[in-house]
Amino acid sequence: MGHGSSCLKGPGRGGHASNSQRLGQSSTFVCPPSPEMQEGPKQVGKGQCGTVWALKHLVLKTPNEGMLDQLWNDCCNHRKIEEAFQQAPWEFRSNVNLPRWNSWVQPSERVFWTEFGGLLPEDFQPTSGILSTRIHPLPPPLREVLVDLFAPHSVKANKANFLASPENHDCLVRLYLGRRADRSAPASFRLRNFDLMVNEMEYLQLDTGIWAGVMAQTLAVLHWRARIDANDVEFVLGRTPGLDIAPATPQSETRGWKHSGFNNIFSFEVHQRSMGVWLLDFDQCQTFPESAAGVKQLEKAFYFNHPYYPRPVSKHPNDMALWETFKAAYLQASACLTQTEMPGLFIEAVEDEGRRRAAGGSIFQ
């Protein structure tokens with residue numbers, strides 16, 4: 001494997017870094033191998049900053065063109081966040097998962113490229129990148145539930161072929177507690193990075209209040225232990241680490257939940273904790289000053305992000321209750337992590353901005 005790199009040295013120079021661990025597990029945690037055999041190259045994600053390649057139970061995130069420095073920022077923040085959560089009280093980290101940082105891989109590391117090069121495209125050139133444990137996607141029966149409940153008729157009519165598409169195997173669910181809307185644009189329906197909106201969570205009878213609390217506590221740790229603004233981080237639902245999950249048949253999955261009292265297999269599996277909340281993507285995160293400018297930076301990061309967090313202004317009573325849950329959990333956690341007034345000022349700024357937007361202000365101001 002490659003060596004870690006000191007974030008003080010930059011992306012092109014080596015150094016050693018200590019091991020890290022899952023936030024809610026002991027230091028002996030080892031991510032299990034994928035329950036799905038990997039045959040050949042498998043790209044499991046691509047964003048503005050990097051492209052993610054599956055390497056069995058690991059992933060390698062490589063920089064897109066011109067994005068090496070941004071990916072290096074992702075790497076440094078990942079390590080900083082791991083350390084912050086390891087030092088945070090247990091109750092603030094027991095319900096969130098973080099991919100285990102392994103190393104900063106460099107083009108010259110022959111051992112790594114010899115071991116894993118066969119799982120990358122033939123024309124792939126050795127490069128720098130982040131090696132970490134993989135977030136395994138939702139199992140087939142749960143992917144099928146998402147199609148049955150939320151896909152347009154055109155997809156349902158061709159469900160078998162849709163589910164067989166390799167891209168739709170890589171199903172992580174973005175938890176959008178801040179968006180309540182009907183689905184539109186049938187042509188854009190896909191399971192990779194599936195956007196699950198709060199009204200759909202309610203339809204599935206999922207406990208949105210628990211997730212609001214988890215996100216709030218996580219944000220407090222990012223702010224007051226890692227000391228970063230949490231700009232553009234993601235909260236997704238994926239398989240819980242540490243479980244030896246064998247490939248399941250629809251019949252074996254059905255037997256478990258039909259006598260459980262839950263109305264669908266999705267809510268049953270969440271309750272059984274076979275799926276959990278994961279935190280990822282740190283390339284846009286920055287430090288912030290303890291000042292009015294810092295409060296503004298945190299507020300902007302809150303709204304710049306995808307709508308994971310509950311919104312402070314809404315006409316729907318469920319959304320307002322969810323915001324109060326988030327607000328209380330954030331302030332309670334922050335009070336244990338910092339003695340400054342900034343957490344309260346941040347919440348006030350978010351609520352003020354929410355009222356301004358509700359009154360018709362431009363989101364770009």
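Whenever a residue of the range 68-97 is closer than 23 Å to T208 by Cβ and of a type in the set (V, I, T), its partners that are modelled with pLDDT of 95 or more and assigned to a helix (DSSP H, G or I), lying with C-beta atoms within less than 6 angstrom and at least six residues away or across chains, give the pairs V96/V214; V96/T218. Looking across the range 57-66, the residues that are touching a residue at least 24 places away in the same chain (Cβ under 8 Å) and either touching a Gly at 6+ places or on another chain (Cβ under 9 Å) or crowded, with 20+ Cβ neighbours inside 10 Å (or both) come down to L58, V59, L60, K61, T62, P63. Being crowded, with 17+ Cβ neighbours inside 10 Å, touching a Lys or Arg at 6+ places or on another chain (Cβ under 7 Å) and free of Cβ contacts under 8 Å to residues at least 60 places away in the same chain: is that true of F150 here? Taking the combined requirement at face value, the residue satisfies it.
Determine whether G45 is at pLDDT below 95, touching a strand residue (DSSP E or B) at 6+ places or on another chain (Cβ under 6 Å) and within 30 Å of A220 (Cβ to Cβ). So that I can check it myself, show each step before the final result.
On the way: at pLDDT below 95: yes; touching a strand residue (DSSP E or B) at 6+ places or on another chain (Cβ under 6 Å): yes; within 30 Å of A220 (Cβ to Cβ): yes.
The answer is yes for G45.
Scanning the range 210-233 for residues that are assigned to a helix (DSSP H, G or I), more than 22 Å from R273 (Cβ to Cβ) and not hydrophobic (A, V, I, L, M, F, W, C) yields a single hit, H223.
Out of contact with any helix residue (DSSP H, G or I) (no Cβ under 8 Å at 6 or more places or on another chain) and either more than 23 Å from L98 (Cβ to Cβ) or outside the structural domain of V44 (by TED's automatic domain parsing) (or both), is that true of S154? Give the derivation first.
Working: out of contact with any helix residue (DSSP H, G or I) (no Cβ under 8 Å at 6 or more places or on another chain): no; either more than 23 Å from L98 (Cβ to Cβ) or outside the structural domain of V44 (by TED's automatic domain parsing) (or both): yes.
When the stated conditions are applied, S154 does not pass them.
Kindly evaluate V147 against the criterion of being within 30 Å of Q272 (Cβ to Cβ), touching a helix residue (DSSP H, G or I) at 6+ places or on another chain (Cβ under 6 Å) and outside any loop (DSSP other than H, G, I, E, B). Answer is yes for this residue.
Annotation note: of G360, G354, G344, the sole residue that is free of Cβ contacts under 8 Å to residues at least 40 places away in the same chain, over 14 Å from G213 (Cα atoms) and part of a helix (DSSP H, G or I) is G344. When F268, F282, F304, F326 are screened for being touching a Pro at 6+ places or on another chain (Cβ under 8 Å) and closer than 30 Å to I135 by Cα, only F326 passes.
Checking the stated criteria, V59 turns out to be more than 14 Å from D283 (Cα to Cα) and at pLDDT 95 or above. Which residue, of F282, F262, F302, is hydrophobic (A, V, I, L, M, F, W, C) and modelled with pLDDT under 95? Among F282, F262, F302, only F262 is hydrophobic (A, V, I, L, M, F, W, C) and modelled with pLDDT under 95.
The values are calculated or read from the model by the stated rules, or taken from the named source; none is laboratory data. Keep in mind the model is a prediction, meaning the values are calculated, not measured. Cβ coordinates were reconstructed from backbone atoms using ideal geometry, including for glycine residues, and neighbour counts include every protein chain displayed.
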